[in-house]
Amino acid sequence: MGIAKLKLAAGLAAALFSGAAALPARAETKIMVPGWADYSGPYADIMPGWEGGRVAVIEWWNATKGKELGVKLGYKGLDGRYDPAQVASLWPGMLSEFKPVMVFGMGGADYAALKTRLAEDKVPMVSPTGGYGFTWAKNPWSFNLRPTLAHEAAMYVEWRRKAEGLTRPLKVVVVASEAAPAWVDTVNGIKSFAAGNPDKLKVVNVIWTTPQPTDLSTDVFAAVGKGIDAIIVMTNTAGSVAVKRALDNVGSNVPLVLGAHNGLTAAGAAIGGMEKLNNTFECAAVAAPVKGTEAAAFYDKLKSSYGLKANWNSSTILGISQGLFVVNIMGEAISRYGADGLTGEKMRELILHYTVPAADMHGFTGDMAMNNDSSFPLRGLIGYCATVKDGAFTVLDGAVPVPEIKKW
């Protein structure tokens with residue numbers, strides 16, 4: 001693919017009084033990296049932090065590494081509404097307007113729309129969300145920085161069994177919607193983990209609902225009546241809030257398990273305060289939104305110097321981690337091939353064969369090494385499990401191994 005370039009004018013300026021000419025300023029090349037956003041769909045509530053993180057990282061890179069390379073990255077978000085049909089309809093325009101060599105993704109809806117187009121058009125896509133069983137295939141063009149949401153749900157299972165010294169399997173109900181392929185896939189992944197580990201997990205039931213559920217009290221009442229150990233929700237904030245309110249309505253203290261994207265900070269904001277999320281948990285293979293860490297210090301830098309306005313929470317972490325991976329790959333590619341020599345094929349090869357060092361991810365992930373067998377890292381990952389204590393996000397274990405799950 002070509003690159004949209006903007007050559008800044010660099011004329012010769014006459015020196016004061018002497019009439020001597022100064023050296024010409026260095027030409028700056030502009031490269032656009034567009035991305036999918038959701039301003040009006042199921043993730044619109046977390047998009048300000050997510051997109052704000054992307055933009056702030058680009059501003060930081062432009063002022064540091066980009067300045068050294070004579071390159072300025074530009075960003076433009078397109079409202080895909082987390083809807084495969086909308087993403088597919090906007091893709092030709094994104095290609096023709098920006099001629100991208102890499103794009104920011106959101107997740108399952110983007111992949112569902114572009115799973116063949118990315119390879120055909122030779123444009124890799126990078127998402128900070130969990131991967132999917134349907135992207136667990138060779139020769140990927142779409143890449144996720146985290147394992148699947150099913151892997152992260154399994155982290156909770158492993159953590160809780162160890163924390164409570166359980167020898168029996170946890171009995172869980174999963175709440176999901178068939179409106180998004182990614183949500184259906186997560187249910188299948190959790191079932192796969194249960195099938196491969198019957199001593200650890202039993203899926204008692206799946207409650208299928210709408211993308212924006214309201215009252216789930218009847219379904220949740222029936223679920224807790226089966227003596228379950230937890231309810232798992234890996235859809236969106238609306239799903240998290242609906243299930244928590246239903247648990248409160250039926251007077252149940254059954255633990256609620258969420259993902260980073262629909263977790264404690266997002267659900268807490270939507271429900272009227274994190275203190276209302278008693279016995280609610282979040283597990284993810286990414287940095288936790290707590291103070292006093294390398295990641296938190298980098299966030300502070302972005303907020304103080306590079307225009308980041310979003311709060312320090314899981315949605316902002318999605319955007320910053322995604323931005324860091326993208327600019328590191330872009331910077332390495334420019335160093336190797338030059339700003340005028342970039343193509344989507346070269347970017348993909350670099351994603352597959354270059355390990356972004358943990359130091360360059362500033363505490364948001366460890367070393368990031370992709371592979372040609374799936375869209376996401378498969379081994380050696382760790383993450384955190386957290387809950388709410390005294391109204392605050394509290395990490396219970398910051399080094400929870402990500403379990404292996406048989407491919408589904």
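The values are calculated or read from the model by the stated rules, or taken from the named source; none is laboratory data. Keep in mind that what you see is a predicted model, and the values were worked out from it rather than measured. Note that each Cβ is placed from the backbone with ideal geometry, even for glycine, and that neighbours are counted across all protein chains shown.
Give me the residue from the stretch 186-205 that is under 21 Å from Thr129 (Cβ atoms) and among the hydrophobic types (A, V, I, L, M, F, W, C) and, out of that set, surrounded by the most Cβ atoms within 10 Å (Cβ to Cβ).
Among them, the one singled out is Ile190.
Quick one: which of Asp38, Asp121, Asp110, Asp45 is within 20 Å of the chain's Cα centre (by Cα) and surrounded by fewer than 21 Cβ atoms within 10 Å (Cβ to Cβ)? Quick ask: steps written out before the conclusion?
Working: Asp38 fails: surrounded by fewer than 21 Cβ atoms within 10 Å (Cβ to Cβ); Asp121 fails: within 20 Å of the chain's Cα centre (by Cα); Asp110 fails: surrounded by fewer than 21 Cβ atoms within 10 Å (Cβ to Cβ).
Result of the check over Asp38, Asp121, Asp110, Asp45: Asp45.
Among Leu324, Leu308, which is buried (at least 20 other Cβ atoms within 10 Å of the Cβ) and under 22 Å from Lys99 (Cα atoms)?
Result of the check over Leu324, Leu308: Leu324.
Among the residues of the stretch 263-294, write down those that are within 20 Å of Val220 (Cα to Cα) and without any contact (Cβ under 8 Å) to a residue 40 or more places away in the chain.
Result: Ala267, Ile271, Lys276.
List the pairs whose first member sits in the stretch 350-375 and is within 20 Å of Val101 (Cβ to Cβ), whose second member is of a type in the set (Lys, Arg) and part of a loop (DSSP other than H, G, I, E, B), and whose Cβ atoms are under 8 Å apart, counting only residues at least 6 apart or on separate chains?
Close Cβ pairs (under 8 Å, with a partner that is of a type in the set (Lys, Arg) and part of a loop (DSSP other than H, G, I, E, B)) amount to Asn372/Lys138.
Tell me the residue from Thr214, Thr235, Thr218, Thr209 that is without any contact (Cβ under 8 Å) to a residue 60 or more places away in the chain and either buried (at least 16 other Cβ atoms within 10 Å of the Cβ) or of a type in the set (Lys, Arg) (or both), please.
Thr209
So which residues in the stretch 48-64 are of a type in the set (Asp, Glu) and buried (at least 22 other Cβ atoms within 10 Å of the Cβ)?
Glu51
For Val388, only one of the following conditions fails: (1) farther than 30 Å from Gly273 by Cα; (2) touching a helix residue (DSSP H, G or I) at 6+ places or on another chain (Cβ under 7 Å); (3) touching a residue at least 60 places away in the same chain (Cβ under 8 Å). What is its number?
(1)
Among the candidates Ala246, Ala223, Ala194, single out the residue that is within 27 Å of the chain's Cα centre (by Cα) and either more than 21 Å from Asn279 (Cβ to Cβ) or hydrophobic (A, V, I, L, M, F, W, C) (or both).
Only one candidate qualifies: Ala194.
Quickly run through the stretch 354-397 and pick out the residues that are among the acidic types (Asp, Glu), in a loop (DSSP other than H, G, I, E, B) and on the phi < 0 side of the Ramachandran plot.
Asp367, Asp373
Please tell me if Tyr82 is buried (at least 24 other Cβ atoms within 10 Å of the Cβ) and in contact with a Ser or Thr (Cβ under 9 Å, 6 or more places away or on another chain).
Against the criterion (buried (at least 24 other Cβ atoms within 10 Å of the Cβ) and in contact with a Ser or Thr (Cβ under 9 Å, 6 or more places away or on another chain)), Tyr82 does not qualify.
Go through Thr129, Thr116 for me and flag whichever is assigned by TED's automatic domain parsing to the domain that holds Arg348 and touching a Lys or Arg at 6+ places or on another chain (Cβ under 8 Å).
Details: Thr116 fails: touching a Lys or Arg at 6+ places or on another chain (Cβ under 8 Å).
Just a single option satisfies the conditions, and that option is Thr129.
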